[in-house]
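To keep things clear, I will list the structure first and then write my remarks on it.
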Amino acid sequence: MSGGREGRPGPGGRSGVDGKRVLVTGGSRGLGEQIVRLLAAGGARLATCARTPEHLRSLTASLSAEGHGEPFTRALDVTEPELLERFVEAAAERFSGLDGVVACAGGARGRGIEDAGPQDWSLTWEMNVGHTARLVKAAVPHLRRAGGGSVVVIASISGWKPGPQAQYGAAKAAQIHLAASLARELGPDGIRVNAVSPGSMLIPGKRWDRMRTEEPEAYARFTAELPRGELVTPREVAQVVAFLLSDASSGVSGAHLPVDRAQNAPTPGGY
């Protein structure tokens with residue numbers, strides 16, 4: 001992204017996403033929130049959804065207070081196809097089109113293979129692969145009318161460096177393959193599709209942050225296997241996403257970009 005590490009405009013007064021109309025699923029917390037914040041700081045016009053209205057209201061108030069304007073938001077569950085499709089249509093109508101979408105919402109249900117039931121596998125698939133496919137399908141007409149655009153699929157280290165749980169890793173691997181397949185299918189329309197695989201991320205209040213404060217010895221053992229002894233941050237992943245949404249990445253499609261500091265296979269739970 002031409003605006004540098006913090007998403008600020010470059011020497012020409014514009015960032016790589018300035019003015020772009022982008023929809024991000026799961027954008028109220030964690031990695032999704034960092035993606036939204038970075039894009040907003042870069043001048044993008046944003047739409048985002050999440051399940052919890054309070055989190056969306058907090059995000060909107062914060063961005064507005066920082067002078068980035070208010071994103072178009074809607075509380076919904078991305079596994080409900082009709083709600084997601086309506087949101088895409090509403091965002092495209094609000095912005096008179098779309099230039100990019102980011103499939104960031106995701107998650108997992110269940111534990112190991114002996115404990116995970118059919119519903120765990122089904123829900124994990126729907127949260128990741130199903131939601132991504134529906135998002136892209138709904139966005140394609142709007143991206144096509146804009147002359148092309150960029151789709152970024154947030155996969156995971158678990159999708160290419162196998163580790164428990166299998167249902168999560170399998171869904172994330174499918175997302176990586178889905179991105180590559182869609183890049184070929186949608187390329188003639190000028191639509192680029194790429195996958196980004198974060199490693200284990202240090203997100204305030206989440207698993208690894210809690211381990212760092214509550215189990216410092218276990219956290220030290222965990223991070224010792226990373227070459228720098230540090231987990232990747234959501235901000236670092238968001239910078240890669242912003243690059244893929246920008247025109248600077250116009251020649252990149254069908255790619256899988258790991259952002260994991262050369263981490264080995266993840267421990268149970270993914271990132």
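Things to note:
- Positions within the stretch 30-72 being of a type in the set (A, V, I, L, M, F, W, C) and within 18 Å of VAL240 (Cβ to Cβ), in sequence order: LEU31, ILE35, VAL36, LEU38, LEU39, ALA40, ALA41, ALA44, LEU46
- Pairs with Cβ under 8 Å, 6+ apart, first in the stretch 32-45 and within 17 Å of GLY149 (Cβ to Cβ), second open to solvent by less than 30 Å² (accessible area, probe 1.4 Å) and of a type in the set (S, T, N, Q): GLY42/SER15; GLY43/SER15
- Residues satisfying the stated conditions in the stretch 11-28, i.e. closer than 17 Å to VAL240 by Cα and modelled with pLDDT under 95: SER15, GLY16
- Complete set of residues in the stretch 26-42 that are assigned to a loop (DSSP other than H, G, I, E, B) and open to solvent by 30 Å² or more (accessible area, probe 1.4 Å): ARG29
- Subset of the stretch 179-200 [at pLDDT 95 or above and under 15 Å from the mean Cα position of the chain (by Cα)]: ALA179, VAL193, ASN194, ALA195, VAL196, SER197, PRO198
- Scanning the stretch 218-243 for residues that are modelled with pLDDT of 90 or more, in a helix (DSSP H, G or I) and either touching a Lys or Arg at 6+ places or on another chain (Cβ under 6 Å) or open to solvent by 50 Å² or more (accessible area, probe 1.4 Å) (or both) turns up ARG235, PHE243.
- Scanning the stretch 244-255 for residues being open to solvent by 60 Å² or more (accessible area, probe 1.4 Å) and either part of a strand (DSSP E or B) or touching a residue at least 24 places away in the same chain (Cβ under 8 Å) (or both) gives a total of 3.
- Selection within the stretch 181-213 - surrounded by 23 or more Cβ atoms within 10 Å (Cβ to Cβ) and over 23 Å from ASP260 (Cα atoms): LEU182, ILE191
The values are calculated or read from the model by the stated rules, or taken from the named source; none is laboratory data. The structure presented is a predicted model; accordingly, all values stated were derived computationally and were not measured. Here the Cβ is made from the backbone with ideal geometry for all residues, glycine too, and neighbour counts use every protein chain on show. Note: areas computed on protein heavy atoms with side chains; ligands, DNA, RNA excluded. Shrake-Rupley method; radii C 1.70, N 1.55, O 1.52, S 1.80 Å.
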